[in-house]
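Just so you know, all these numbers are worked out from the coordinates, no wet-lab data involved. The model shown is predicted, which means the values in this text are computed figures rather than measured ones. Neighbour counts are summed over all protein chains in view; Cβ atoms, including those assigned to glycine, are modelled from backbone coordinates with ideal geometry.
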Amino acid sequence: MPSRDGIAEPWGTRTPYGPGERWPTRVDTRLADGVTADDVDEWVPTASVLHSNGDGLHLAVKDGRVVGVRGRADDRVNHGRLDPKDLFAWQANRSADRLTTPLVRDGGRLVEASWDEAMGRVVERSRALLGDRGPGSIGFYTSGQLFAEEYYTLAAVAHGAIGTNHVDGNTRLCTATAAAALKESFGCDGQPGSYTDVDHADVIALFGHNVAETQTVLWSRMLDRLAGPNPPLLVCVDPRTTAVARAATVHLAPLPGTNVALMNGLLHEVVAHDRVDHDFVERSTVGFADLAEQVRQWPPERAAAICGVPAEEIRHAARVLGGARRLLSTVLQGFYQSNQATAAAVQVNNLHLLRGMIGKPGAGVLQMNGQPTAENTRECGADGDLVGFRNWNNDAHVADLTELWNLDANAIPHFSPPTHLMQMLRYAENGSLRMLWVSATNPAVSLPELARVRSILGQDRLFLVVQDIFRTETAELADVVLPAAAWGEKTGTFTNADRTVHLSRRAVDPPGQARADLDIFLDYARRMDFRDRDGARFPPWHDPESAFAAWQRASAGRPCDYSGLDYDMLAERSGVQWPCNAEHPDGTERLYADGKFFAAPDYCENYGRDLVTGAPMEATEYRAMNPDGKAMLKAADYVPPHERPGEEFPLSLITGRTVYHFHTRTKTGRTPQLRDAAPEVWVEVSAPDAEAHGVTEGDLVEVSTPRGSVRAHARVSAIRPGVLFLPFHYGYWDTEAPPDGDREHHRAANELTMTDWDPVSKQPLFKTAAAALTRIAAGDRPAAAPTTGAATPLDPTVPATTGGPAATVQETHAAEQTAGGAR
């Protein structure tokens, strides 16, 4: 059985295949040192939880402890392959510093307490606020990493029982623009495409999506197509020279904040050279005339002058996109977290609608997610929207949900749009929001302008509840901390970025007094004595399976229909795509294959917004514009970012991820192989900018913006000139000291980002700050940045990132499995 270094080779061994062929199987296995497959007592089915790919895997259990992982050969998503975070981060569940007991704040300190005391404080404050200030004084901020059953319960408690409009998830930071763009183009959330489109596409375009580091198994699938016969052409839009960019046929590296100008230039060429499927556009869309007029004003020369990409490169990319017979596009944070986020993402949808490339094998768009259960946050109504992709601005949809929950007619707030996170922070800042319940996320590191965030979360008048598995930076500010069970310690379902639903079984018990998030939310509901209009307790479900059954009923008849799914089916099949119902009993691989969309005025999830101003469209306007529920082509002019480089801050700062860490390193920072692969923050700088500032590889530098400064060691890389990159994973309260050993200097990238958001999706902007670079001191070693991805150094003498024997991963290929090599 071959093996590899899972850190040095994050994408594993190639298994080439051609268009229309099945992606070969390769099962990746990592077991704790000294443990063999024969030692394992049980292999418990689940899927990946530290990215949105949804890789199917088994947890290896021995003597009541998780001792490793193995990819599922039969899984529709990964065919057995695993991401570096999948392979190693399970170890964090066993970390000695897990939260095992509730904590409450006494005398300014967090001290251990019983569940009764901790929940008693939460209930007491909840009742007081509801009595004195009403539902609008309470808010909930959750994650993209819980289970569907937990999100649905939270939505029922918050929207239904309490009646607050203040509910959001940290999906607001990573995938709110995906949802918004899909609503604007198709009338509803939900990915049109499927990962199997990689198997058929002849052109794959990645817009602001560093798939090599954010969804490594999906990149492995693309690499295997590139290594096989008749490989697809690849278009990459990214200011960094990522692994994707290095493999691309065309790499466009626009200046941050100029994506709409670039997209308008590309669409100009598609329309000008008549690469348009006019029959499809006429039959299935509205808005072509307005879009054609808008992009007519954007010849490549005009776009090039703004985005800094040569006009001929724009033309080259447009020829590739316009000549595709089967075009697959993916979009992620490079668009979602930048200026005019939704407007830019919608232009990718426009490209597919113009070309009639939707709902067919190899022809689809994936407005990607960043987190494993971001899709569930949105479907279940835990991101502020209503349950089951219902329209908060449609009285019939609200009444339907009220009947489903058996609540009074006016119980569910819908007098205004759901409150997005950044607005919730404003309400907390001005004192109208007095209690914030944060579950499974760490806003004290992940939100923009951290100095402001800390001041808001640390207010005496704000009662902060934190529900998590470790004492995060946010937990340190809390009034009550609730210890939660982690993945592998509870049962539930979760849905990945291409609508694939997996069942995750409880493999081991949570440590100490930690409880599943579902149990915590239901315990709160019981202690609050929430009741429906007949006096029965609400929510009425009591465990994961009954919660899932309730969610099935809530989703029935809606686009995200789970009514044909149950735990037994998910236990037999490793991944089923919704909608799954009587009409589609085996799930649905692609949406809109029949040219019909979820956009009918009485059915759609919302009525849309102006892409530039964010102004909402009224129901009557929408009905007049799109009476037949077609897909919508929506134009947008380019508007410059609010903050642009100038004399004092001449560079553009963007933030992002590395392949070895997830979000604020709550789990990956406690995993030896992942921690050691990227142990501290770094800043990427281009060779020309490094020379201009007297900086060489490994020097200690300071990056500053109008909001603050961060110190890090420099990685001189192939990033485009004028742009700096900081990974956002590194918080303040890590066990390691900042790179200069001085805690007076920050290292969290979000010390520098601004309080600004997209007018449509309300997603914060992490990629448009103006910055300055200052050399502080010479370095005595290269920056501790990975050499495997976009942070690849220009200096060839920098040692390669490796994991050594502790990172050994076993690979079992299809031929070996046939011969009995796979257990």
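What translational D, rounded to a whole number of µm²/s, comes out for region 608-720 from Stokes-Einstein when the hydrodynamic radius is the Kirkwood one over Cα pairs, at 20 °C and 1.002 mPa s?
D = 116 µm²/s.
Got the relative contact order for region 651-792 handy, in percent, Cα pairs under 8 Å and 6 or more residues apart?
Relative contact order for region 651-792 comes out at 36 percent.
Where does each of 241-252, 641-652 land if you order them by average Cβ count within 10 Å, highest first?
By packing density, highest mean first, the sequence is 241-252, 641-652.
Would you work out which of 299, 129, 47 lies farthest towards the positive end of the dipole of the chain, given +1 charges on the beta-carbon of Lys and Arg and -1 on that of Asp and Glu, about the Cα centre?
299
Rounded to the nearest Å, what's the spacing between the alpha carbon centres of region 389-439 and region 517-537? Just the number, please.
18
If we restrict to alpha carbons, what Rg and Dmax does region 63-163 come to, in Å?
19.7, 56
Which aspartates and glutamates, on any chain, are close to residue 767 with Cα under 15 Å apart, when same-chain ones fewer than 8 places away are left out?
The qualifying aspartates and glutamates are 238, 449, 643, 684, 751, 756, 758.
Can you give the FRET efficiency to the nearest 0.05 for residue 778 and residue 542, using r as the Cβ-Cβ distance and R₀ = 45 Å?
E(calc), rounded to 0.05, equals 0.10.
Take peptides 57-67, 157-167 and line them up by average Cβ neighbours within 10 Å, highest first, as a rough protection proxy.
157-167, 57-67
Please arrange 607, 17 by how many other C-beta atoms lie within 10 Å of their C-beta, fewest to most.
Ordered from fewest to most neighbouring Cβ atoms within 10 Å, 607, 17 come out as 17, 607.
Could you tell me the relative contact order of region 610-683? Use alpha-carbon pairs under 8 Å, at least six residues apart, and round to a whole percent.
For region 610-683, the relative contact order is 17 percent.
Place a +1 charge on the Cβ of each Lys and Arg in the chain and a -1 charge on the Cβ of each Asp and Glu, then give the dipole magnitude about the Cα centre in debye, rounded to the nearest 20.
Roughly 360 debye, rounded to the nearest 20.
What number does the chain give for Rg over Rh if you use C-alpha atoms and the Kirkwood radius?
0.94
Between residue 531 and residue 9, what is the FRET efficiency for a Förster distance of 51 Å, r being their Cβ-Cβ separation, to the nearest 0.05?
Rounded to the nearest 0.05, the efficiency is 0.35.
Over region 651-792, what lengths in whole Å, largest first, do the semi-axes of the equivalent ellipsoid take, defined as the square roots of 5 times the eigenvalues of the alpha-carbon gyration tensor?
20, 20, 15
For region 40-150, with only Lys/Arg (+1) and Asp/Glu (-1) charged at the beta-carbon, what is the dipole magnitude about the Cα centre, in debye rounded to 20?
Using Cβ point charges on Lys, Arg, Asp and Glu, region 40-150 gives about 260 debye.
What is the order of 21, 449, fewest Cβ neighbours within 10 Å to most?
In order of increasing Cβ crowding within 10 Å: 21, 449.
Straight-line reach only, C-alpha to C-alpha below 26 angstrom: list the lysines that residue 62 could link to, leaving out same-chain residues fewer than 8 apart.
85, 490, 667
So what's the gap between the Cα centers of region 69-125 and region 660-689, to the nearest angstrom?
Using only Cα atoms to place each centre, the spacing works out to 21 Å.
So for the chain, taking the charge dipole from beta-carbon charges (+1 Lys/Arg, -1 Asp/Glu), which of 424, 316, 444 sits furthest toward the positive end?
316
Given the C-alpha centroids of region 136-193 and region 259-327, what is the distance between them in whole angstrom?
Their Cα centres are 33 Å away from one another.
If packing is taken as the mean number of other Cβ atoms within 10 Å per residue, what is the order of 328-339, 517-528, 382-393, 422-433, highest first?
Sorting 328-339, 517-528, 382-393, 422-433 by mean packing, highest first, produces 328-339, 382-393, 517-528, 422-433.
Pick out, from 753, 774, 694, the residue whose Cα sits farthest towards the positive end of the charge dipole of region 651-792, with +1 on the Cβ of Lys and Arg and -1 on the Cβ of Asp and Glu.
Towards the positive end, the residue furthest out is 753.
Give the lysines reachable from residue 630 as a straight Cα distance under 19 Å; neighbours fewer than 8 places away on the same chain don't count.
Partners found: 183, 360, 596.
Assigning unit charges at the beta carbon (Lys, Arg +1; Asp, Glu -1) and nothing else, what dipole magnitude in debye, to the nearest 20, does region 651-792 show about its Cα centre?
500
Can you say what percent of the DSSP beta bridges in the chain, counting only those with both residues inside, are antiparallel? Round to 5.
Looking only at bridges with both residues in the chain, the antiparallel portion is about 55 percent.
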